[in-house]
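Read-outs: derived from the displayed coordinates by stated rules, not from any lab. Everything numeric in this text was worked out from a predicted model, so none of it was measured. In this analysis, Cβ positions are derived from the backbone assuming ideal geometry, glycine residues included, and neighbour counts consider all displayed protein chains.
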């Protein structure tokens with residue numbers, strides 16, 4: 001416990017500071033290890049697939065499709081990674097650091113694509129732009145069947161484009177939070193020292209935002225790896241395809257679990273390398289807060305900024321929403337009934353309570369890593385944030401197997417005591433669902449919170465302690481206000497992600513208890529995409545609520561944060 | 001912060017109190033057939049008998065894994081799927097009970113149920129050829145195998161091989177023609193593709209209508225749905241292999257679980273679902289064909305014409321599915 005030992009030559013101030021740390025350090029392992037355990041058990045269940053090696057399935061995959069799938073997956077990762085970095089960081093810089101027409105609108109509007117499930121955008125895109133769609137249909141009317149050129153929509157480029165448009169908000173939101181909390185001091189200093197606006201961006205702002213940008217990109221890439229719905233709509237085969245092929249096609253859940261655990265190892269290694277590469281550099285905030293001086297864009301610069309934001313917003317949100325509205329228009333009278341209110345309430349309730357549980361868990365983990373810098377805590381935190389990289393159905397089955405294992409145990413115990421134990425205790429309860437969401441979405445909450453926490457210098461809480469604040473006051477008056485942009489981002493991301501989540505919700509929900517995502521599944525599973533427009537739109541509307549919350553609160557918390565830093 | 005922190009806890013407490021389980025004497029169904037196709041039937045059954053039915057829907061794979069994991073404690077009395085392959089696999093994993101019921105034997109033709117009575121077909125889904133009435137000439141279409149002929153080069157559209165309907169189709173071809181011959185045919189299909197395989201049947205038909213290709217293989221109810229919405233579409237159904245083994249059919253169906261708590265009630269429900277009364281609704285809700293031969297198909301569906309269908313037992317579709325998947329991988333059918 002290195003953190004607990006007083007550093008050499010302790011003066012009164014340092015001793016007091018280290019006792020503050022000592023207090024905060026007291027329970028961290030007891031907290032971080034159980035949380036990691038919750039994630040670890042389902043993962044171990046999946047890894048246990050290796051107990052029965054499946055040579056035949058492996059040989060078949062290796063001889064036929066596996067090589068191509070791996071190449072496809074890497075190409076997709078590269079394309080999506082480059083795309084979300086460019087769009088996410090670029091747009092975040094524009095909306096948080098510059099001034100151009102429409103900035104205040106795009107600042108929040110560019111988060112909206114997050115509320116749209118990726119496979120829905122994929123379906124809309126193919127519907128509109130493929131050979132049989134209205135766009136190419138019109139072109140054929142004008143120019144004849146062979147008289148025009150159009151890029152192949154169902155292609156590598158197409159699937160990358162769609163995934164970038166859906167996933168860039170992760171980078172956008174985290175980078176935006178980072179830029180906004182950088183404060184103006186650092187950037188002003190850079191400018192005063194002779195850097196131009198571009199120099200200040202590339203040499204100061206960007207490196208300082210690196211943990212946030214890396215966390216956002218990692219989320220986008222983990223979702224890309226785990227995705228099945230979007231690539232299935234494009235019939236673009238990735239490593240996930242092999243997992244589902246082994247399970248549903250070859251009836252071999254063991255082999256599917258083995259493939260999935262390899263995917264997990266790959267993600268764990270990559271994350272480890274990234275953290276290594278970032279090394280021991282700290283990214284503490286070095287200046288007083290306050291809104292930065294925005295760079296005033298004029299002339300064609302401003303036009304370009306507005307144009308880029310408009311283009312992304314239209315392609316990722318406006319266009320698919322219009323298409324969904326057009327579809328929903330035809331069926332709304334036949335389909336919209338009182339059940340939709342239930343579906344909406346269920347969805348919102350799940351999203352919000354899961355966000356509460358998950359964000360709390362992520363906060364505890366982030367503090368644990370800050371105050372307990374040993375290998376065990378580090379490993380616990382790393383494990384706890386792996387759930388997001390697994391294909392949803394595989395993780396759902398891992399969790400289901402864990403829960404039924406506990407249920408079966410409880411039932412046999414109950415019978416041992418002579419009770420008539422009928423029905424499962426955990427499986428099919430809301431509590432089980434929340435646990436599943438915690439396992440799956442801890443990474444999503446941890447990213448924004450940890451990258452915000454990393455920017456708070458140790459000297460701030462220490463100073464607060466010296467000035468007589470109790471540990472509780474340090475938490476509520478120093479940490480939480482400074483963390484609030486990260487916490488809000490985490491709440492928004494988890495709420496929206498949970499509302500969109502399908503596999504775990506389907507498998508673990510209580511009987512007769514449906515959500516909007518379940519309804520979308522019911523309709524799309526047999527190809528009735530047009531009818532799915534109605535629950536999809538309702539889902540987007542539900543997703544708007546947390547976005548609005550974030551917009552309102554982030555405006556207010558900017559002031560609070562400024563005050564707290566000056567305290 | 002401290003002031004509001006009690007609220008989430010209260011809300012959580014309220015949520016956790018939502019009852020997890022069903023009433024003790026409800027029949028519990030795990031269904032891969034979607035809700036709006038089963039709920040009207042369940043409601044009708046409840047009204048008639050007073051027996052309640054609770055259910056959850058999901059894909060067959062996860063539901064099967066759940067029943068298996070729950071073991072003797074499973075609440076599930078019945079598993080419903082939309083293809084024979086998954087029912088065969090459920091029987092293979094020993095989670096379905098053998099049901100002796102003269103009623104089911106009478107209502108359901110032998111090739112549409114398990115030889116050991118562990119699963120039963122409840123509706124027939126015919127997978128046939130749909131073609132462009134503008135560009136396909138009489139006599140060009142004969143059979144599924146015929147679509148591998150070089151005369152179809154650049155004229156064929158297909159749905160992905162990852163869909164179980166195509167896996168069953170190819171599995172049944174393996175049963176009939178052997179692996180070598182079937183692989184040649186599938187390679188022929190792949191050579192003839194006008195564009196990479198589609199993710200669903202409707203998209204494949206729309207491509208035929210738009211002129212990207214001339215024919216495709218789909219389940220008839222997708223054709224019905226498309227034509228109901230756009231009656232002017234220049235597409236028609238062709239029934240292949242009529243002088244041979246007949247059209248490939250699959251089923252949606254169900255079985256009673258081995259550890260069912262309400263086994264007798266579940267069998268009664270199954271018998272009712274196969275009866276004249278229920279079969280009309282069961283099949284026509286999704287423009288499928290009834291399994292019970294005493295029941296006529298929906299008039300709109302019947303309008304597509306009579307056809308000879310394959311009478312090989314559908315258990316083969318499950319038994320040979322893995323081999324079909326591997327074969328299609330080798331042939332480069334994505």
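Note on the stretch B:217-285: along the principal axes its Cα atoms extend 51, 32, 22 Å, ordered by decreasing extent.
The length gained on full extension between residue A:336 and residue A:278, counted as 0.36 nm times the residue separation minus their Cα-Cα distance, comes to 15.8 nm.
Among B:157, A:98, the order by Cβ neighbours within 10 angstrom, fewest to most, reads A:98, B:157. Taking the helices alone, chain B has a mean residue ellipticity at 222 nm of -12000 deg cm²/dmol, built from -39,500 (n - 2.57) per DSSP H run of at least 4 residues and averaged over all its residues. Under Stokes-Einstein, with the Kirkwood radius over Cα pairs standing in for Rh, what whole-number D in µm²/s applies to the stretch B:178-246 at 25 °C and 0.890 mPa s? Taking Rh from Cα pairs, D becomes 180 µm²/s. Could you state the angle between the C-alpha long axis of helix B:164-177 and the longest principal axis of the C-alpha atoms of chain B, as a value from 0 to 90 degrees rounded to the nearest 10? Once rounded, the angle reads 60 degrees. When the inverse distances between all different Cα atoms of the stretch A:432-527 are averaged and flipped, the Kirkwood radius reads 15.9 angstrom.
Take the Cα of residue A:470, step 7 Å toward its Cβ, do the same at residue A:148, and the gap between the two points is 7.1 nm. Output the 0 to 90 degree angle, nearest 10, between the alpha-carbon long axis of helix B:60-70 and the longest principal axis computed from the alpha carbons of chain B. Roughly 30 degrees between the two axes. The value of relative contact order for chain B, using C-alpha pairs under 8 Å at least six residues apart, is 28 percent.
The distance from the alpha carbon centre of the stretch A:523-541 to that of the stretch A:304-383 is 17 Å, rounded to a whole number.
With respect to chain B, whose longest principal axis is taken over its alpha-carbon atoms, helix B:35-49 is tilted by about 50°.
Modelled spin-label separation between residue B:94 and residue A:458, with each label point placed 7 Å from Cα along the Cα-to-Cβ direction: 6.0 nm.
Averaged over residues, the count of other Cβ atoms within 10 Å places the peptides A:228-240, B:240-252, A:405-417 in the sequence A:228-240, B:240-252, A:405-417, highest first. Where a ≥ b ≥ c are the square roots of the eigenvalues of the C-alpha gyration tensor, would you call chain A rounded, which needs a/c under 1.5, or, failing that, prolate if a/b is larger than b/c, or oblate? Verdict is oblate for chain A. Roughly speaking, what % of Cα-Cα pairs in the stretch A:64-190 are separated by over 20 Å, rounded to a whole number? The proportion of pairs with Cα distances above 20 Å equals 60 percent.
Assuming a viscosity of 1.002 mPa s and a temperature of 20 °C, what translational diffusion coefficient in µm² per second does Stokes-Einstein assign to the stretch B:39-179, Rh being the Kirkwood radius over Cα pairs? D = 115 µm²/s. With each label modelled as a point 7 angstrom along the Cα→C-beta vector, the residue A:325-residue A:74 pair spans 4.5 nm. Among A:201, B:198, a tally of other beta-carbon atoms within 10 Å of each Cβ gives an order, fewest to most, of A:201, B:198. The order of the peptides B:88-95, A:527-534, A:326-333 by mean Cβ neighbours within 10 Å, most packed first, is A:527-534, B:88-95, A:326-333. All C-alpha to C-alpha distances of chain B, sorted into 20 Å bins beginning at zero, yield P(r) values of 30, 52, 16, 2 percent in whole numbers. Each peptide among B:142-152, A:513-523 gets the average number of other Cβ atoms lying within 10 Å of its residues, and from highest to lowest they stand as A:513-523, B:142-152. Averaged over peptide A:122-131, the number of partner chain Cβ atoms lying within 10 Å of each residue's Cβ comes to 3.
For residue A:188 and residue A:104, the FRET efficiency from 1/(1 + (r/R0)^6), where r spans their Cβ atoms and R0 equals 25 Å, is about 0.65. Over the stretch B:90-227, what is the percentage of antiparallel beta bridges among all DSSP beta bridges, to the nearest 5? Beta bridges within the stretch B:90-227, antiparallel portion: roughly 60 percent. Extent along the principal axes, Cα only, for the stretch A:155-194: 48, 20, 7 Å, with the longest axis given first.
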